[in-house]
Number of protein chains: 2
Amino acid sequence: MKLRELGENRLLAQLLPHLPSERSVFAGAGDDCALVENRRGRKFLVLKTDCVVEGVHFLSQANALDVGWKAMMRPLSDFAATSAVPQFALITLIVSKQTKNDWVKKIYRGLSRAAARFQISIVGGETSGTRGPAVISVSVAGFVERSRCVLRSGGKIDDDLFVTGRLGGANRRRHLRFVPRIEESRWLTKNFALHAMIDLSDGLGADLPRLARASKVGFDIDKKNLPLNRAATIDDAISEGEDYELLFAISPRNSARLQMNWRRKFPRLPLTRIGCLIPQSAIRNSQSLSGYVHFK
Amino acid sequence: MKLRELGENRLLAQLLPHLPSERSVFAGAGDDCALVENRRGRKFLVLKTDCVVEGVHFLSQANALDVGWKAMMRPLSDFAATSAVPQFALITLIVSKQTKNDWVKKIYRGLSRAAARFQISIVGGETSGTRGPAVISVSVAGFVERSRCVLRSGGKIDDDLFVTGRLGGANRRRHLRFVPRIEESRWLTKNFALHAMIDLSDGLGADLPRLARASKVGFDIDKKNLPLNRAATIDDAISEGEDYELLFAISPRNSARLQMNWRRKFPRLPLTRIGCLIPQSAIRNSQSLSGYVHFK
């Protein structure tokens, strides 16, 4: 079977159970970040890697500064989804012999600016040649307090579902310039008990079912309520991906206080209740939500 | 300027000084692994990433099990060079839509076997499509006691230089099956004070000058003393690379005891004194040592 027929979810589902794992791993492959016990601390060590590939995540003619920025920000968006604080990054740059030195310098400048935005140290750099498209892979290590880490799996029936910002239309360059919602996520877990959270990288239609599956619940979304970017349609918001906004589940008891305090703290960033979690038995589930799936 | 004219050393030298770095970074980009302070511990958190690229590090027709094995073992060889204990790994797999599912499964089986060999947990997996050659990138996190970590930079004038195993001839498949010298390295730092160490991935002719430069010393090697693999020439041993043996510097006062104890502990693995460190002013330095350089 070829990979494009298999799809990333099924591919990972088939590989993950066989990966070696020790007892000190609290959350391994399958969530946004890996969480591993930090000997005698109340903190988890948090690990995440992600990559951008020429022709897949960016076009050859894209501004190299933007490409470097995006390469760093993608794994950081997973830190936001976990409410973790990123601290250290390793870079792997795979480019052909024909690549201009100036392009590589701009990539690194973009990476460095993005790292500096969150006080992250770049502590390692590898380079390799290739005969194919350029690849920039970024691995990030950091921490999260045990009491503040948020997984995909903690959602409960009746939880309200919120998204930050607006969805859809990221293809028009914004996907290269986004700022992960780390500040917002850290504020959220400082002030509220979130039950589950994920970042919207593959689109609401792919990421919401992931959160629901991990939490063993269903969901009910009012599509008319989705916060849309200018010129984006509801379908764009569901299937385009690359929004890098946060989707989280919280007890409905806290919703009013959350919305009031959010408006005061982040007056320019919308926070929208888009629906709620329901029992898995209810069938309204994934009725028409379908998102971008790798290899499809 | 194109990258192939620049060379990896100069490329990194040009990029590294501009990378953001916080005070908690003890050794960042430029050594085998990054060492970062582990809040209130006597241990460093150790981070390293490395990749293998189809057509560069392995041939398309290579056994996928071997390729997965090698992809995991390469960063582990840097852990050996630092005398660090690897614990957690993240995998990034970049393959074309045409790739057979079976090939991917074998890659993961190779990665998992290699991880299990050193009790490492694979805590994350990312996949991406590409129109080009396959890439497998592996990031590893672990620790090292402050008193046992070994950098490239601690070599002193008059130190003896030792290499483990035999050099040259790795191209003939052995480079896909190597076992990083982690056990040997941990034994060395438990019993001896090593001044500097590096793993021989790019060949003695490239890696020894790196250790000497980092230590601000010169070196004097007796090429006739190099321990050669069967059918390998002295030139192979100097320039082929992919030996993944350890090269380290130790006070000559400890050499005799080291050699005696080593023979008892590792009777089947040679340990060879190949030369010593000398003042930088002495010119015999890099006379005819030239190794494999990326982009050349």
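The values are calculated or read from the model by the stated rules, or taken from the named source; none is laboratory data. No experiment lies behind these values; they were computed from the predicted model shown. Here Cβ is always computed from backbone atoms with ideal geometry, including for glycine, and neighbour counts include all displayed protein chains. To get the accessible areas, we keep the full protein, side chains included, count just its heavy atoms, and leave off ligands, DNA and RNA. Shrake-Rupley method; radii C 1.70, N 1.55, O 1.52, S 1.80 Å.
Nm distances between the label at residue A:269 and the same-position labels in the remaining copies, 7 Å along Cα→Cβ, shortest first?
5.0
Which aspartates and glutamates have a Cα less than 14 Å from the Cα of residue A:265, not counting those fewer than 8 places away in the same chain?
Output for residue A:265: A:183, A:184.
Where a Cα-Cα gap under 26 Å defines reach, which lysines qualify for residue B:43, not counting those fewer than 8 residues away within the same chain?
Correct list for residue B:43: A:43, A:48, B:156, B:190.
Would you grab the residues whose amide H sits under 5 Å from the one on residue B:278? Only those 5+ places off in sequence or on another chain, please, with H modelled 1.01 Å from N.
Here B:158, B:218, B:219, B:220 satisfy the definition.
Amide H to amide H, which residues 5 or more places from residue A:196 or on other chains are under 5 Å from it, using H placed in the peptide plane?
For residue A:196, the qualifying residues are A:249.
For segment A:119-160, what's the radius of gyration and Dmax over Cα atoms, in angstrom?
According to the Cα coordinates of segment A:119-160, Rg and Dmax are 18.3, 52 Å.
For segment A:115-201, taking Cα atoms only, what is the radius of gyration to one decimal and the Dmax to the nearest whole Å?
That works out to 17.0, 52 Å for Rg and Dmax.
Kindly rank B:273-279, B:148-154 from highest to lowest mean number of other beta carbons found within 10 Å of each residue.
The packing order, highest mean first, is B:148-154, B:273-279.
Once phi is turned into ³J(HN,Hα) by the Karplus curve 6.51 cos²θ - 1.76 cosθ + 1.60 with θ = phi - 60°, what whole-Hz value does each residue of segment B:57-73 show in order, with x for glycine and proline?
My calculation for segment B:57-73 gives 9, 8, 8, 4, 8, 5, 4, 4, 4, 5, 5, x, 4, 5, 4, 6, 6 Hz in order.
What is the distance, in nm, between label points placed 7 Å from the Cα along the Cα-to-Cβ direction at residue A:179 and at residue A:191?
Going by the 7 Å Cα→Cβ label model, 1.7 nm.
Note down the accessible area of residue A:145, probe 1.4 Å, to the nearest 10 Å².
40
Ignoring ligands and nucleic acids, what accessible area does residue A:78 show with a 1.4 Å probe (Å², nearest 10)?
For residue A:78, the solvent-accessible surface is approximately 10 Å².
Calculate the mean, over all residues of peptide B:103-112, of how many other protein chain Cβ atoms lie within 10 angstrom of the residue's Cβ.
The mean count of partner-chain Cβ atoms within 10 Å per residue comes to 3.
Counting only other chains, what is the mean number of Cβ atoms within 10 angstrom of the Cβ of each residue in peptide B:114-124?
For this peptide, the per-residue mean of nearby foreign Cβ atoms is 6.
How many Å³ per residue does the convex hull of the Cα positions in segment B:148-249 occupy?
Per residue, the Cα convex hull of segment B:148-249 comes to 91 Å³.
Please report the carbon-and-sulfur percent of the accessible area for segment A:160-278; probe 1.4 Å, protein heavy atoms only, DNA, RNA and ligands left out.
Answer for segment A:160-278: carbon and sulfur cover 47 percent of the accessible area.
Taking the rotation that carries B onto A, look along its axis and tell me which residue of B has the beta carbon nearest to it, distance in whole angstrom.
Taking Cβ atoms only, the nearest residue and its distance are B:132, 1.
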